[in-house]
Amino acid sequence: MTSMSHAHRHLDDTARNILRRNDRGGYTVPRPGLYPFQWNWDSAFVALGFATFDMDRAWQELETLLSGQWADGMIPHILFHRDDEGYFPGPDVWASGTRPRSSGITQPPVAATVVRELWQRDGADPAHPRMRALYPKLLASHRWFHRYRDPLHNGLVMAVHNWETGRDNSAEWDAALARVSARDVRPFQRRDTSHVDIAFRPTQAEYERYVALIEFGRARGWDPVRVAAESPFRVVDVGMTMIMLRANRDLLALARALDDQQVVQELRTRIALSEQGCDWLWNEDLGVHCSRDLVDGRPAALVTSASFLGFFAGIGSPAQHARLLERLAALADSVPYLVPSLAPGSRTYDPLRYWRGPVWLVMNALIARGLDEAAETALANRIRGDSRALVERSGFWEHFSPETGQGCGGDQFSWTAAMWLNDLTSAST
Ligand code: DGY
């Protein structure tokens, strides 16, 4: 046995132990202390990690997540199954009035993609009871997005809080957040900075606006129509849009397996709409897809890791693909570790601060998968190789500097461990 495979065996054990340790019985916390509840897209990714050694537990992660679905179909971004004073903003701040208690916003819809994956690993039997039980819930959540979060009726996804995007403090949201007044926000105590270095986290001024947006939604009883129409923060997120498009394709595969013809038709129409709509996000100057503000219509005009999700979504002309690959190759020349969450050289780029530069392994996994599917194997391998090198160098951190590989944010992080097990260990390649 080579020393590399020894090292990998050790990392595999560590990754499994992280998932076991962060398991709270049916759901996994992203990182004790910093994120002590169930997070929506974290859980979906974590299920892929469990699936490498405990399929039952993988399904359960999603079942617990879907148990918190709202009556209107929304899957909240946080489920507060238990109390924990160590996090702000907790359930009383959100005051959503739901059981289990939850936040009032959602997160990128990766669940259908993961359910399809688990179902395929289990043999893709159309009679699979756990897939069949989750299918109507996934459909309800997709319909929620289509009904409430597509104000232009062009198949794109609008976010009404930067936390919905999962890429919380991306520079893409700066202009939209600048319109959010934090004047009436009552004093609060942040908890995140008592768990990790403040240099890794969003600033205080940013946090006050995040809280102002919660107060805005809460004052409207989290009515999805009013929040969507009136929120000062309304952006089309390139990340959520691409992930939604992909999730619709994966849900379509399930609908076909179940011979649910009406839904097959509905999703095909939806997918075609989104495929066309994505052109509105294309930025010809930069040669990538970018988020766009909905209040003033302006493009964010920033190259982020989400700009490269078009392959995963299955969209783009050959000319657009060529530009995307060119841009990604340029990034590959500029940093040792792909894919930075914001391109170096951009205004406010910071290799250590949350979504303003660091590499996130979940984004890398989605981008690499899309590139594989487009037969762009060399770049896919480079991204997977960089992800692997980051974990080998630093461990299972929340995110990593694209320049030095330094681990940042929380350590022993669930979704980083899950991505290692699912995508990077020698056993999975
Ligand atoms: C946080 O608390 O920073 C979370 O990312 C919100 O989802």
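What follows draws every value from the coordinates through simple rules; no lab data is involved. Just so it is clear, the structure is predicted and the values come from calculations on it, not from any experiment. Cβ sites come from the backbone with ideal geometry, for glycine too, and all protein chains shown count toward neighbours.
The overall shape of the chain is rounded: from the C-alpha gyration tensor, with semi-axes ordered a ≥ b ≥ c, the ratio a/c is less than 1.5. Each residue, Arg218 and Gln261, gets one label point 7 Å from its Cα in the Cβ direction; the gap between the two is 5.0 nm.
Measuring between their Cα centroids, the stretch 52-111 and the stretch 317-363 lie 30 Å from each other.
How far, in nm, would the chain grow between Ala229 and Leu152 when pulled straight, counting 0.36 nm per residue and subtracting the alpha carbon separation? Walk me through the numbers on the way to the answer.
Numbers: separation 77, 0.36 × 77 = 27.72 nm, distance 1.16 nm.
Separation in residues times 0.36 nm, less the Cα-Cα distance, equals 26.6 nm.
For the stretch 373-380, 3J(HN,Hα) computed residue by residue from phi via the Karplus equation (6.51, -1.76, 1.60; θ = phi - 60°) reads 5, 8, 6, 9, 5, 4, 5, 4 Hz, glycine and proline entered as x.
Under the simplified labelling scheme, the Thr348-Phe53 pair shows an inter-label distance of 3.9 nm, with each label point 7 Å from Cα along Cα→Cβ. Computed over the chain with a Gaussian network model linking Cα atoms closer than 10 Å, the most mobile of Gly314, Gly25, Gly221 is Gly25. Residues whose amide H comes within less than 5 Å of that of Ile105, counting only those at least five positions distant or on another chain, are His77, Ile78 (H built at 1.01 Å from N in the peptide plane). Between the C-alpha center of the stretch 135-152 and that of the stretch 199-274 there is a gap of 8 Å.
Quick check on the chain: helices-only [θ] at 222 nm, where DSSP H runs of length 4 and up contribute -39,500 (n - 2.57) each and the sum goes over total residues. Nearest 500, please.
-15000 deg cm²/dmol, from helical runs alone.
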